[in-house]
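Written below as structure tokens is the structure these notes are about.
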């Protein structure tokens, strides 16, 4: 019985855009610079546009411990540059990752970004006392200088 080796489905930025758009609450967009996936206006993932990143790379927001684990266990897929090191992100070589792993990573990123957003609490606004605006004292018409003369 001959089995074909498992073929990795090609992943590119269009695939990442479609996978991201299929996640609940994600707004996907693209422009000339690349793609962006946002959750309630907060960035979840985007094309890595810094010159230090390799071509065909996705930047994904993820917590530092998870990032460190990915970098250690799968350095062929995930990497980091000095520019991104201070941010809670990981760089993903799209040519090296398969669809299911990318989807799982994006789901993890959505949870991370969602947890970072603080729920808005309703603030009671107290009415400030109205300020009295001092009216400029006007001279009676007879005392005003006429400019027409």
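All of the numbers you see were taken from the coordinates with simple rules; none came from a lab. Bear in mind that the values here come from a model prediction, so they are computed numbers and not experimental data. Methodologically, a virtual Cβ is constructed for each residue, glycine included, from the backbone with ideal geometry; neighbour enumeration extends over all protein chains shown.
Listing for the model above:
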read-out: Three-way shape label, the range 13-116, alpha-carbon gyration tensor, a/c 1.5; value: rounded
read-out: Highest-first arrangement of 101-114, 26-39, where packing means the average Cβ count within 10 Å; value: 101-114, 26-39
read-out: Two-site label geometry, residue 76 and residue 99: point separation in nm, points 7 Å out along Cα→Cβ; value: 2.1 nm
